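Undergrad: One structure, as structure tokens, below. Some questions next.
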Amino acid sequence: MSRQLSKSGKFPLYILMLNLFIALLGQGMVIPILPDYLKQFHAAGTAAGYLVAAFGAAQFLFSPIGGQLSDKWGRKKLIMSGLFLTVLSHLMFAASTSLQLLYVARFIGGIGLGLMVPSNMAYVADITTPETRAKGMGYLGAAMNLGMVLGPGLGGIIAEFGIRVPYYFAAGLGLIATLLTIFLPETLTREQRQSHSKQATRDPIVRQILNSFRTPYFRYLLLILVMTFGLVNYETVYALFVEQKYGLNAGKISIIITVGAVIGIIVQVWLLDWIIKRLGEMKLIRLSLIMTGIALLLMLIKINLGYLLAVSALFFAFNAFLRPTVSSLIANAAGDRQGYASGLSTTYTSIGNILGPMIAGGLFDKHIDLPYILGAIVLLATLFLTGDSQKSEKERIAVHD
């Protein structure tokens with residue numbers, strides 16, 4: 001069967017890619033200036049961890065809702081709603097005068113992504129086949145990485161006009177993405193939405209998580225959770241880590257993040273599909289977990305900027321393989337409940353995004369190496385979830401009601 005995306009699926013995929021590119025461009029713009037921005041509030045590592053955790057907590061609460069509502073109301077409405085909330089989040093973050101308001105702004109931003117990301121993933125699953133799904137997910141990841149490529153450098157330039165200006169600029173970009181989504185065709189027919197509406201009874205979040213234990217893709221959800229917890233230890237304190245360990249300024253931090261994101265784009269657009277065809281999804285996941293764990297340990301060794309770039313590149317390259325590959329496995333096992341499955345995937349991601357930053361921020365304030373040591377241990381320990389268990393998956397009963 002063909003592994004090429006259909007022509008009819010390319011236009012909406014491009015719109016989704018543009019949306020995620022703009023959303024992550026806004027996120028990337030603020031990463032290198034976050035240490036200086038937090039100094040205005042006399043805050044550092046712990047505050048950075050709680051800001052990411054507030055974002056993750058909102059995603060945790062609203063991703064299942066976003067996934068189910070996208071099945072019930074359609075993908076397009078949820079994508080637009082999520083984008084609008086991210087705009088509001090950036091505006092609040094820019095105008096905040098206290099650390100508490102920053103937390104509120106990040107929480108609202110998490111709601112936005114909680115509604116948008118499951119709908120984006122479900123949309124891609126709708127317009128792709130099992131053979132092209134990993135490629136479609138990879139394209140979304142590449143768009144996000146491209147946003148991270150241009151974001152830091154653009155943020156550093158714009159910050160010359162004021163440290164809050166990048167947040168206002170990100171809000172403007174988010175508004176453009178919201179308007180572009182008007183041209184996105186809906187993938188679910190009215191009959192499909194009505195069918196899901198009759199089935200949908202939005203269980204409490206705890207019930208949904210308990211039900212997820214009996215889905216055929218529970219192992220992959222657990223993999224998402226543990227993997228995210230390990231990876232976010234790297235991401236949460238990266239700018240603070242290299243600033244303190246190497247004495248780098250925002251400009252050089254931006255260069256490193258840009259190089260890493262470029263590598264991520266190359267991996268997800270040109271290498272992901274090729275390697276999956278040769279290794280298979282699970283072997284690629286195992287290899288990527290090993291290499292990202294090793295990269296975190298290598299980060300502890302201080303040599304020079306070239307070494308830091310090389311180790312960061314190693315991490316970014318294999319990290320780029322992980323999420324689209326696992327997301328593809330979940331989508332392939334989800335049947336016609338793509339929104340539901342995508343919502344659960346984002347929920348498990350959010351749990352990792354809640355626990356990881358809080359622990360990483362606290363550990364960083366004790367010793368800057370501790371978050372990376374813990375992250376490496378967690379990623380390498382995640383290998384036990386990648387063992388062959390096809391029989392148990394077939395025996396597992398899917399519960400979607």
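The values are calculated or read from the model by the stated rules, or taken from the named source; none is laboratory data. What you see is a predicted model, and the numbers here were worked out from it, not measured in a lab. Reconstructed Cβ throughout: ideal geometry from the backbone, glycine too, with neighbour counts over all protein chains shown.
Undergrad: Looking at this structure, is Ser2 modelled with pLDDT of 85 or more and either within 19 Å of the chain's Cα centre (by Cα) or farther than 27 Å from Asn233 by Cα (or both)?
TA: no
Undergrad: While we're on this one: Which ones in the stretch 304-326 are assigned to a helix (DSSP H, G or I), at pLDDT 85 or above, in contact with a helix residue (DSSP H, G or I) (Cβ under 9 Å, 6 or more places away or on another chain) and not hydrophobic (A, V, I, L, M, F, W, C)?
TA: If the condition is that a residue be assigned to a helix (DSSP H, G or I), at pLDDT 85 or above, in contact with a helix residue (DSSP H, G or I) (Cβ under 9 Å, 6 or more places away or on another chain) and not hydrophobic (A, V, I, L, M, F, W, C), then Tyr307, Ser312, Asn319, Pro324, Thr325 are the ones that fit.
Undergrad: While we're looking at this one, here's another question. Please work out if Asp369 is in contact (Cβ under 8 Å) with a residue 60 or more places away in the chain, touching a Ser or Thr at 6+ places or on another chain (Cβ under 6 Å) and surrounded by fewer than 19 Cβ atoms within 10 Å (Cβ to Cβ). Give the steps one after another, and end with the answer.
TA: Details: in contact (Cβ under 8 Å) with a residue 60 or more places away in the chain: yes; touching a Ser or Thr at 6+ places or on another chain (Cβ under 6 Å): no; surrounded by fewer than 19 Cβ atoms within 10 Å (Cβ to Cβ): yes.
For Asp369, the condition - in contact (Cβ under 8 Å) with a residue 60 or more places away in the chain, touching a Ser or Thr at 6+ places or on another chain (Cβ under 6 Å) and surrounded by fewer than 19 Cβ atoms within 10 Å (Cβ to Cβ) - is not met.
Undergrad: On to the next question. Which residue out of Ser89, Ser96, Ser70 is farther than 14 Å from Gly110 by Cα, modelled with pLDDT of 85 or more, surrounded by 22 or more Cβ atoms within 10 Å (Cβ to Cβ) and among the polar types (S, T, N, Q)? Explain how you work it out, then say what you get.
TA: Numbers: Ser89 fails: farther than 14 Å from Gly110 by Cα; Ser96 fails: surrounded by 22 or more Cβ atoms within 10 Å (Cβ to Cβ).
The conditions single out Ser70.
Undergrad: When you check Gly335 against the structure, is it at pLDDT below 85 and over 15 Å from the mean Cα position of the chain (by Cα), yes or no?
TA: Values: at pLDDT below 85: yes; over 15 Å from the mean Cα position of the chain (by Cα): yes.
Spelling it out, Gly335 is indeed at pLDDT below 85 and over 15 Å from the mean Cα position of the chain (by Cα).
Undergrad: Surrounded by fewer than 24 Cβ atoms within 10 Å (Cβ to Cβ), at pLDDT below 85, at negative phi and assigned to a helix (DSSP H, G or I): does that describe Tyr50? Before you say what the answer is, go through the steps one by one.
TA: Values: surrounded by fewer than 24 Cβ atoms within 10 Å (Cβ to Cβ): yes; at pLDDT below 85: yes; at negative phi: yes; assigned to a helix (DSSP H, G or I): yes.
Against the criterion (surrounded by fewer than 24 Cβ atoms within 10 Å (Cβ to Cβ), at pLDDT below 85, at negative phi and assigned to a helix (DSSP H, G or I)), Tyr50 qualifies.
Undergrad: Regarding Gly306, is this residue of a type in the set (Gly, Ala, Ser) and out of contact with any Pro (no Cβ under 6 Å at 6 or more places or on another chain)? First the steps, then the outcome.
TA: Numbers: of a type in the set (Gly, Ala, Ser): yes; out of contact with any Pro (no Cβ under 6 Å at 6 or more places or on another chain): yes.
When the stated conditions are applied, Gly306 passes them.
Undergrad: When only residues in the stretch 177-191 that are surrounded by fewer than 16 Cβ atoms within 10 Å (Cβ to Cβ) and modelled with pLDDT under 85 count, which is farthest from Leu13 (Cα to Cα)?
TA: Glu191
Undergrad: When you scan the stretch 81-116, how many residues do you find that are farther than 17 Å from Leu180 by Cβ, in a helix (DSSP H, G or I) and of a type in the set (Val, Ile, Thr)?
TA: Qualifying residue count, the stretch 81-116: 3.
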